[in-house]
Amino acid sequence: MLLIVGGESEIGVATYRAMQAQGIAAAATTRRREFVSAERPFLDLAADIDSFQPPQQTTAVCICAAIARIATCAADPKGTAFINVDRTLALTDKFLACGIYVLFLSTNQVFDGQTPHVAPDAPYSPVSEYGRQKMGAEAALRERMARGAPAGILRLAKVVSPHVALIDGWIADLSAGKPVSAFNDMVLAPTPIDLVCTAIGSLMEDRAGGIFQLTGPRDVTYAEVAHFIAGCLAAAPSLVRNTSARSAGLPDGATPLNTTLDCRRFREQYSLEAPDVWEVIRESVLRHGK
């Protein structure tokens, strides 16, 4: 039995559905009492977790639950750290004490984004409060791993679902001849969510230890994405209006120069690699019409 903690998060939902589709015995936690079942155990990291027990025969857990908005963490560092660090580690220790493998989802935000393709063992250099919280949880988990705990860390950056609200909005507006605004100083290296689901499943099945990283191979700006979409739709380039993320008052760490991470370990051990950014965006454009 594989367990997804944070079964209502974007990645949690997609991973659980992918496991169900493959016939894998899996469960996913829920914070909604009306959804509770044998495969949907109740768990709220903001409430009591002492009484929580994983489903019988659980062998591996992926912790997807987190408060991941950079602005939210910046506005409430104490409250968000309680979830992202304190409760996450307490729950992790609960699983590890039972011999259950734990896969912890982390982020490129543990680095400052000054350099591309950051190595897994590079020194921490977070700028955002969210990044500092993930660093704290990672560091504690790495100490446990050094003592032999069955655990792994998967760092991700921008994960793209089949229908991203921002991209779908741009496609709809540009198709209708309406202008769109896009940041020319914020970058992304998107990874398709189905690839992330495959990666999570592989690591949990193998109980893989250590640090793994999975991002797109290169960064582009959001403005470049909007211009690319305009080209796909044969829309006038002038419909894309470049704007500044920094001038929009975004919190520290929201506009790193780079988001890519060194993903060689995934390529070498699992033959998994994110496609180029334009393949990902082109697929979004094609799906929009379906």
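Helices (runs of 4 or more DSSP H) fully within the stretch 76-162 that include at least 3 residues being farther than 22 Å from Ile200 by Cβ and at pLDDT 95 or above: 77-81, 129-146. Entry remark, the stretch 263-290: residues being closer than 24 Å to Ala223 by Cα and touching a residue at least 12 places away in the same chain (Cβ under 8 Å) number 13 in total.
Check whether at least one residue in the stretch 154-170 is in contact with a His (Cβ under 8 Å, 6 or more places away or on another chain), more than 23 Å from Ala274 (Cα to Cα) and not assigned by TED's automatic domain parsing to the domain that holds Asp76, and report yes or no. No, every residue in the stretch 154-170 fails to be in contact with a His (Cβ under 8 Å, 6 or more places away or on another chain), more than 23 Å from Ala274 (Cα to Cα) and not assigned by TED's automatic domain parsing to the domain that holds Asp76. Before we move on, is Asp194 over 21 Å from Thr215 (Cα atoms), touching a helix residue (DSSP H, G or I) at 6+ places or on another chain (Cβ under 8 Å) and of a type in the set (Asp, Glu)? So Asp194 does not fit the description; no. Suppose the filter is surrounded by 15 or more Cβ atoms within 10 Å (Cβ to Cβ) and either free of Cβ contacts under 8 Å to residues at least 24 places away in the same chain or touching a strand residue (DSSP E or B) at 6+ places or on another chain (Cβ under 7 Å) (or both); does Asp50 pass it? So Asp50 fails the test.
All but one of (1) touching a strand residue (DSSP E or B) at 6+ places or on another chain (Cβ under 6 Å); (2) within 17 Å of Leu105 (Cβ to Cβ); (3) of a type outside the set (Gly, Ala, Ser) hold for Asp194, so report the exception by its number. Unmet condition: (1). Got a number for residues in the stretch 104-136 being hydrophobic (A, V, I, L, M, F, W, C) and surrounded by fewer than 23 Cβ atoms within 10 Å (Cβ to Cβ)? The number of residues fulfilling the criteria is 4. For Gly177, the test of being without any contact (Cβ under 8 Å) to a residue 60 or more places away in the chain and in a loop (DSSP other than H, G, I, E, B) is failed. Within the stretch 53-67, restricting attention to residues that are buried (at least 19 other Cβ atoms within 10 Å of the Cβ) and among the aliphatic types (A, V, I, L, M), the residue that is nearest to Pro251 (Cα to Cα) is Ala66. Within the bounds of the stretch 49-56, is there any residue that is in a helix (DSSP H, G or I) and either farther than 21 Å from Arg147 by Cα or among the β-branched types (Val, Ile, Thr) (or both)? No, every residue in the stretch 49-56 fails to be in a helix (DSSP H, G or I) and either farther than 21 Å from Arg147 by Cα or among the β-branched types (Val, Ile, Thr) (or both). For the stretch 19-47, the tally of residues that are closer than 18 Å to Ser202 by Cα, among the small types (Gly, Ala, Ser) and either in contact with a strand residue (DSSP E or B) (Cβ under 9 Å, 6 or more places away or on another chain) or not assigned by TED's automatic domain parsing to the domain that holds Ala199 (or both) stands at 4.
A Cβ distance below 8 Å, combined with a sequence gap of six or more or placement on separate chains, defines the contacts here; from the stretch 181-203, residues that are in the same structural domain as Ala245 (by TED's automatic domain parsing) reach residues that are in a strand (DSSP E or B) and of a type in the set (D, E, K, R) in the pairs Ser181/Arg241; Ala182/Arg241.
The values are calculated or read from the model by the stated rules, or taken from the named source; none is laboratory data. Quick caveat: nothing in here was measured; it's all calculated off a predicted structure. Virtual Cβ from ideal backbone geometry, glycine too; neighbours counted across all protein chains shown.
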